[in-house]
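The values are calculated or read from the model by the stated rules, or taken from the named source; none is laboratory data. Bear in mind that the values here come from a model prediction, so they are computed numbers and not experimental data. Virtual Cβ from ideal backbone geometry, glycine too; neighbours counted across all protein chains shown. We work out accessible area using only protein heavy atoms, side chains counted, and drop any ligands, DNA or RNA first. Shrake-Rupley method; radii C 1.70, N 1.55, O 1.52, S 1.80 Å.
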Amino acid sequence: MTALTLSTAAVPGLRADAIVIGVAKGSAAKSQGPVVAPGAESVDQAYDGRLAGVLETLGASGAEGEVTKLPAPAGFKAPLVVAVGLGAQPEKGSGYGTEALRKAAGVAARALAGSKKAAFALPLTDADDAGAAAEGVLLGAYSFDAYKDTAKNGGKDAKSGKAPLAEAVLLGGKPRDKAFKAAVERATAVAEELNRARDLINTPPNDLDPEAFAAVAQTAAKEHGIKVQVLDEKALAKGGYGGILGVGAGSAAGPRLVKLSYTSSRAKKHLALVGKGITYDSGGISLKPAGHNETMKCDMSGAAAVFAAVVAAARLGLEVNVTGWLALAENMPSGSATRPGDVLRMFSGKTVEVLNTDAEGRLVLADALWAASQEKPDAIVDVATLTGAMVLALGNRTFGIMANDDGFRSAVVEAAGEAGEPAWPMPLPEHLRKGMDSATADIANMGERMGGGLVAGLFLREFVGEGITWAHIDIAGPAFNESGPFGYTPKGGTGSAVRTLVRLAERAASGDLV
């Protein structure tokens, strides 16, 4: 993990491999070129006030995600200046915004892979800006190399030959200011746990089955004072968890239900988080076609997000009780696998006719939702890579949010926005419920094809305890990035929804949620 510090040191005398500065897009109406952002005044001065012109000559425009490298001016200890685009220049009197800073810091950190130390002279106006930049650096510097021959390369990526940025210094921050210090400490805790979620998502399914995932959770729980309970196959059978058992029936690796409980002596609210944890999804008997199963190790991203959020809440000492439920199973085809047409008796007592074994996430979540409901929390939020329909609706970077309460749905959307995660509110149309009627069981696990993401939400709602506020987050699109990296988002597992869940826990702690 990249080491991170705050500093008020002068830029010219700072010993580092690079100085990172921000550049914005000037107003098109005034035909302006790139504009050097605050924080880089001493750098601009060393270029005799002509830095913007130099950058424009090099092709820089200040567009978001743009990186321009140039030699540092004479007298600087650092040999390199890295100008990173912030996007449009803000209106006079307003700042660049935390997400712009988060993205810019992430892009720069990724561009500086192989460097030992970089100083970030970005426009930090307050502690929130410092926290966002810190988050961006730590998330942008992420690298998953557990399966690469790094040991012989001094920790370097065997393919690129570059190790992640080793140390970052945030200039303009105030090391002794309590607010700045707290913001960076928060960013560090959240980023480290989000990156742990990324590691889990990226781990091959032959090494991360339900038992292995549960073991990781147990180790982390012990480290951070979190109470943990793991139900194995025997305990699940005794308890009547037919959904989780039915999904895991075809695999040699048995399913697990993991309960993580973080409690605060000052808590007035209880937030329950439920995560879908299909460590590999072949589709079961309803086998996925070639081209649709190569990345299905990511189908446990919801459980990874819940796990990371609970640990982050514990590390931050939030004054709220947070319980995480990880519904873990591997969905495989075999002679013992659940078949289309089978009926499962769920933990709630309801029966479900399985029409498609590839609609398995809602089955494990149903059991976990009912288990979470028994504790009567103030709110339940489930997170899952649940439906391809949500990807068709919202694309690869935005997750959908459904709820049984419009006000709570709005609160979750707001929390996502505050965290910097693109989200969109989605409805639960009552007319779609009829499509899941079954002549054999209480409900079928499939309904109408059109609006399939909403149908899945309606199915889950059936397993939320009466009177309990609930929201469902479908992260099928943004959970796994199959294209190139962007901003602070790497290729592969992204850790989607972790920051939203942490923000929800913070809002619950402050009494501003339910």
Notebook entry, point to check: Considering the stretch 200-209 alone, what residues qualify as being buried (at least 18 other Cβ atoms within 10 Å of the Cβ) and not hydroxyl-bearing (Ser, Thr, Tyr)?
Noted result: Leu200, Ile201, Asn202, Pro205, Leu208, Asp209
Margin query: Which pairs turn up if I take residues in the stretch 488-514 that are of a type in the set (S, T, N, Q) and look for partners that are part of a helix (DSSP H, G or I) with beta carbon separation below 7 Å, at least 6 apart in sequence or on another chain?
Written below: Thr494/Arg198; Ser496/Ser301; Ser496/Ala305; Thr500/Ala415; Thr500/Ala416; Thr500/Ala419
Check: Could you say whether any residue in the stretch 49-64 is open to solvent by 20 Å² or more (accessible area, probe 1.4 Å) and part of a strand (DSSP E or B)?
Finding: no
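Residue-by-condition table, conditions (1) in contact (Cβ under 8 Å) with a residue 24 or more places away in the chain; (2) open to solvent by 30 Å² or more (accessible area, probe 1.4 Å); (3) in contact with a helix residue (DSSP H, G or I) (Cβ under 6 Å, 6 or more places away or on another chain):
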{"site": "Glu211", "(1), (2), (3)": "yes, yes, no"}
{"site": "Ala221", "(1), (2), (3)": "yes, no, no"}
{"site": "Gly225", "(1), (2), (3)": "yes, yes, no"}
{"site": "Val228", "(1), (2), (3)": "yes, yes, yes"}
Next item on the list: Being within 27 Å of Phe307 (Cα to Cα), touching a Lys or Arg at 6+ places or on another chain (Cβ under 8 Å), modelled with pLDDT of 95 or more and aliphatic (A, V, I, L, M) narrows it down to one of Ala215, Ala191, Ala133, so name that one.
Entry: Ala133
Item checked: Neighbours by Cβ (under 6 Å, 6+ apart or cross-chain): first from the stretch 76-103, within 16 Å of Leu55 (Cα to Cα) and open to solvent by less than 40 Å² (accessible area, probe 1.4 Å); second part of a helix (DSSP H, G or I) and not small (Gly, Ala, Ser) -> Ala83/Leu55; Val84/Val107
Next item on the list: Name the one entry in Thr263, Thr295, Thr279 that is of a type in the set (Ser, Thr, Tyr), surrounded by fewer than 19 Cβ atoms within 10 Å (Cβ to Cβ) and under 27 Å from Asn481 (Cβ atoms).
Entry: Thr295
Next item on the list: Would you point out which residue out of Lys297, Lys234, Lys238 is among the basic types (Lys, Arg) and either touching a residue at least 40 places away in the same chain (Cβ under 8 Å) or farther than 25 Å from Val352 by Cβ (or both)?
Entry: Lys297
Next item on the list: Being open to solvent by 30 Å² or more (accessible area, probe 1.4 Å), part of a helix (DSSP H, G or I), of a type in the set (Gly, Ala, Ser) and out of contact with any Ser or Thr (no Cβ under 8 Å at 6 or more places or on another chain) narrows it down to one of Gly484, Gly467, Gly435, so name that one.
Entry: Gly435
Notebook entry, point to check: Just one of Asp358, Asp367 is open to solvent by 40 Å² or more (accessible area, probe 1.4 Å), within 28 Å of Ala197 (Cβ to Cβ), of a type in the set (D, E, K, R) and at pLDDT 95 or above; which is it?
Noted result: Asp358
Check: Under the condition of being among the acidic types (Asp, Glu) and surrounded by fewer than 24 Cβ atoms within 10 Å (Cβ to Cβ), which residue from the stretch 104-141 is nearest to Val43 (Cα to Cα)?
Finding: Asp126
Checklist line | Filter result (open to solvent by 30 Å² or more (accessible area, probe 1.4 Å) and not acidic (Asp, Glu)) within the stretch 438-464 | finding: Ala439, Thr440, Met446, Arg449, Met450, Gly451, Arg461
